[in-house]
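Scroll down for the structure; my scribbles are underneath it.
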Amino acid sequence: MPLLQIRGLTHYFGGLRAVSNFNLDLEPGELIGIIGPNGAGKTTVFNLITGVYRPTEGEILFNGHHLVGKRSDQIVSMGIARTFQTIRLFRDLSVLDNVRIARFARTRYGVPVALFRLPKYLREEAKSREQALELLDLLGLADQANWVASSLPYGLQRRLEIARALATEPRLLLLDEPAAGMNPGEIAELMELIQWIRRQFDLTIILIEHQMRVVMGICERIKVLDFGETIAEGTPAEIQNNPRVIEAYLGEEVVV
Amino acid sequence: MTQLLTPIRNALSRALAPLHAAYASLPAPVRRWTMPALLVFFFVIALLSPSFLNLYWQQILIYVGINIILTASLNLVNGYMGEFSVGHAGFMAVGAYVASIMTVWVFPRWGLREYVPYLFPLALLIGGLAAGLTSLIIAVPSFRTRGDYLAIVTLAWNMIVKSVLENVDAIGGPRGFMGMQKLTSVAWVYVWVVITIFILRNLVYSNFGRGTLSIREDEIAASLVSVDTRKVKITVFVVASFFAGIAGGLFAHIIQFINPRSFSILKSTETLVMVYLGGIGSLGGSILGATIYTVLLELLRPLQVWRWVIGPLLLVFLMIFRPRGIMGMREWRFLIPPEERPEVIDALKERIRKKRGPAVAPAASVGASE
């Protein structure tokens, strides 16, 4: 059974059709890429999956459960995590707290237990603290645990955003242009990191990316969007030679 | 103002350094019990205070305590959560009237007249619960939307409470409500301040506290990392209002006469000043802000009506020159739970590093690039 099924997903902003009849079947363990020129509706697809917007039409099934109409936090605690095109860390909070906040739904104690510092609170907090530190340690961020997130160098901020997404214990990870603003060296590290977390955490991944090197290098399957429409789908080799894709990116060939 | 405060803070920490060193050299069990011992010690002092402090000074201490409770609880909403509530006095009013009705009418009518001083904490609790319950009425609709909505709703709420109180003749209407015994003492206020700070600290360093901070930082990102933002907002607002209600009950039983004007927008503004003076997102800051402001207003008593200009003016200058206040986003060490202190986190990190397996993510070269 596919992990994620999207059927006829369509979304309008006023009169503008941002996403049109988007379909997707994603098998567990796949790593697929979504590419397309600016404004093609890629991020909107992520926002529709994670409940930031409610789609005008269409349905989204995750693991057999309908997602449309659910709140973002409910969707995330079902096992979908994401990162953002522009980094959206909790800038003034510590690196450790950034990760621990993402364990909100996995930390199970009620308000009264917290207010009176009952044993369950101490137990659950100890667990949460330890798991967050373990994750930071795995990703090489443990030494910065007490730093304020905004003081991290850019590459590490990207890494922390991925760590924060992983802390929600996802099965499906949505990465929105993780290589944006990175230099070639950092991009190579990022590609290694993505493949590593995929194995380590047994993840299914959808990747939005402009850097063709990243998409062509690690994705098994690619979907191309243009003006909200899916114009092509296939393996990296197929996509590279598809005339419609070339047209969307470079413009139509004009004979003078 | 920043430059003005930094040397003061530095001097303070230099002066306290030997004390810190002495404390750190104590054996662990002694350190474990230092805080409880100090709390008991100050409680005994508070209990004995009527014998060595005149009524005037007792009253100032009581006002400082009440203001600490008000400030710390409002800081939860305005500082930690980053919403803007301007109606804290409205919840204080609910607590004040309900607690007073309990001690003046309800308990005596149940034949418990002689026991009223012992039932005082219960009256306060009922006042606090009433304030918390009414805050639900505000919280549920106004947290459906994002943004500055809460400021408008709480402003309206404060005005509604005041005019309802003015128009219900049974509780005195504009003439006010009286007949309370003078039950609020330095010792009681001290106990409630300790309870308030303890509970708020537990909340702030819990899952919900971190959720609260994440709402202030980036609400959408918060909900996209599984924070149930509505639940957190409502919880925080109700807890804050509960303590405003407690403060109201304490206030009613020290001045023994309350009227709707005591709980106008001016009172809410005063609380705001104390929050932003002491520092947003800091319990230590709330203690400091409430203390400084209350004492300052006392010292300015010769200025008569003009001293009420000081508060709003202070707020304006604070917002311009030091928007985060004296202790903004920092905390006194003793208010941080032991397990959350940086060196404890570092020790835990080392332990985890030792036991971890070979599976480690490809390293990042730490180079800044934009």
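The values are calculated or read from the model by the stated rules, or taken from the named source; none is laboratory data. Remember, it's a predicted structure, so these values are computed and weren't measured experimentally. When we count neighbours, we look across all protein chains shown, and the Cβ atoms used for this are built from the backbone with ideal geometry, even at glycine.
Remarks
- Neighbours by Cβ (under 7 Å, 6+ apart or cross-chain): first from the stretch B:320-345, outside any loop (DSSP other than H, G, I, E, B); second among the small types (Gly, Ala, Ser) and buried (at least 17 other Cβ atoms within 10 Å of the Cβ): B:Leu335/B:Gly284; B:Ile345/A:Ala145
- Between B:Leu303, B:Leu297, the distinction of being buried (at least 17 other Cβ atoms within 10 Å of the Cβ) and either part of a helix (DSSP H, G or I) or touching a Cys at 6+ places or on another chain (Cβ under 9 Å) (or both) belongs to B:Leu297 only.
- Candidates B:Ala130, B:Ala99: the one that is touching a His at 6+ places or on another chain (Cβ under 9 Å), assigned to a helix (DSSP H, G or I), touching a residue at least 12 places away in the same chain (Cβ under 8 Å) and closer than 19 Å to B:Ala247 by Cβ is B:Ala99.
- Some residue of the stretch A:171-184 being part of a helix (DSSP H, G or I) and either under 18 Å from the mean Cα position of the chain (by Cα) or more than 24 Å from A:Gly79 (Cβ to Cβ) (or both): yes
- Here A:Ile208 meets each of (1) modelled with pLDDT under 95; (2) farther than 30 Å from B:Arg356 by Cα; (3) more than 9 Å from chain B (Cβ to nearest Cβ) with one exception, condition (1).
- Residue within the stretch A:227-240 that is more than 14 Å from every other protein chain (Cβ to nearest Cβ), in contact with a strand residue (DSSP E or B) (Cβ under 8 Å, 6 or more places away or on another chain) and closer than 28 Å to B:Ala363 by Cα present: yes
- Helices (runs of 4 or more DSSP H) fully within the stretch B:137-219 counting 1 or more residues that are within 13 Å of chain A (Cβ to nearest Cβ) and surrounded by 14 or more Cβ atoms within 10 Å (Cβ to Cβ): B:186-204, B:207-217
- Residues of the stretch B:347-370 classified as at pLDDT 75 or above, under 42 Å from the mean Cα position of the chain (by Cα) and at the interface with another protein chain (Cβ under 7 Å from one of its Cβ atoms), total: 5
- Apart from one condition, A:Gly79 fits all of (1) away from chain B (no Cβ under 14 Å); (2) at positive phi; the exception is (1).
- Here the stretch B:222-232 is the region considered, the condition is being surrounded by 24 or more Cβ atoms within 10 Å (Cβ to Cβ) and part of a helix (DSSP H, G or I), and the residue that is farthest from the chain's Cα centre (by Cα) is B:Ser223.
- One residue from A:Ala126, A:Ala145, A:Ala114, A:Ala179 being free of Cβ contacts under 8 Å to residues at least 60 places away in the same chain, aliphatic (A, V, I, L, M) and more than 10 Å from chain B (Cβ to nearest Cβ): A:Ala179
- Just one of the listed residues (A:Val224, A:Val215) is under 30 Å from A:Gly15 (Cβ atoms), touching a strand residue (DSSP E or B) at 6+ places or on another chain (Cβ under 8 Å) and of a type in the set (Val, Ile, Thr), and it is A:Val224.
- Breaking point among (1) closer than 29 Å to B:Ile137 by Cα; (2) more than 14 Å from chain A (Cβ to nearest Cβ); (3) modelled with pLDDT under 95, for B:Ile292: (1)
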